[in-house]
1. Considering only region 59-70, I want to know if a residue exists there that is at pLDDT 95 or above and closer than 15 Å to GLY90 by Cα.
2. Looking at region 71-111 only, could you name the residues that are of a type in the set (A, V, I, L, M) and either under 19 Å from PHE12 (Cα atoms) or surrounded by fewer than 17 Cβ atoms within 10 Å (Cβ to Cβ) (or both)?
3. Pull out all pairs, ordered by first then second residue, where Cβ-Cβ is under 6 Å, the residues are six or more apart or on different chains, the first lies in region 92-118 and is farther than 17 Å from PRO34 by Cα, and the second is among the charged types (D, E, K, R) and part of a loop (DSSP other than H, G, I, E, B).
4. Give me the residue from region 1-53 that is of a type in the set (A, V, I, L, M) and modelled with pLDDT under 95 and, out of that set, farthest from TYR94 (Cα to Cα).
Amino acid sequence: MVEPKRSASNMFEARTNDIHVSVETRFLENESEPDNQYFVWAYHIRITNHGTETVQLLSRHWIITDGMGRVQEVKGEGVVGEQPVLGPGGSYAYTSGTPLSTPTGMMRGSYLMQSRSGDRFEIEIPMFSLDSDHAKKILH
């Protein structure tokens, strides 16, 4: 069961079965070039195993949507070059980033996990927003 929720202005969380994923985002002003339509964000992810069985993260699948609705999918083995193993109560954290050509966007995705017994299952990465101060504000 997936229970996504937003817990703070830039913190997002989801829980699939016994695996908890939290994401914290940060706009990187110093690496962005707004005049050239180049905006960069960092995201910090923590994956925590609240279950009783050891699991390994095998691969990732990202769906990245920019502020114009253009979608890009990214699939690959592991995360930041690793396929971490999480024992019961264990966690793994990493930081990565993404550039967009718009000042806003969003990301969501999933990780393919494998239990010690060989069962494979997907866990959700919560949808999270990528917002910068360069986005036009619209009043309703």
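1. Looking through region 59-70, none of the residues is at pLDDT 95 or above and closer than 15 Å to GLY90 by Cα.
2. VAL71, VAL74, VAL79, VAL80, VAL85, ALA93, MET106, MET107
3. Correct list of pairs: SER115/GLU53; ARG116/GLU53.
4. Among those that are of a type in the set (A, V, I, L, M) and modelled with pLDDT under 95, it is MET1.
Residues are listed down the side, and each one gets a yes or a no for (1) polar (S, T, N, Q); (2) free of Cβ contacts under 8 Å to residues at least 60 places away in the same chain:
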| position | (1), (2) |
| --- | --- |
| ASN30 | yes, yes |
| ASN36 | yes, yes |
| ALA42 | no, yes |
| TRP62 | no, no |
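Here is a yes/no grid of residues against (1) of a type outside the set (Ser, Thr, Tyr); (2) within 18 Å of SER110 (Cα to Cα):
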{"residue": "SER32", "(1), (2)": "no, no"}
{"residue": "GLN37", "(1), (2)": "yes, no"}
{"residue": "TRP41", "(1), (2)": "yes, no"}
{"residue": "GLN56", "(1), (2)": "yes, yes"}
{"residue": "VAL74", "(1), (2)": "yes, yes"}
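The values are calculated or read from the model by the stated rules, or taken from the named source; none is laboratory data. Here the structure is a predicted model, which means the values were calculated and not measured. Neighbour counts run over all protein chains shown; Cβ positions are idealised from the backbone, glycine included.
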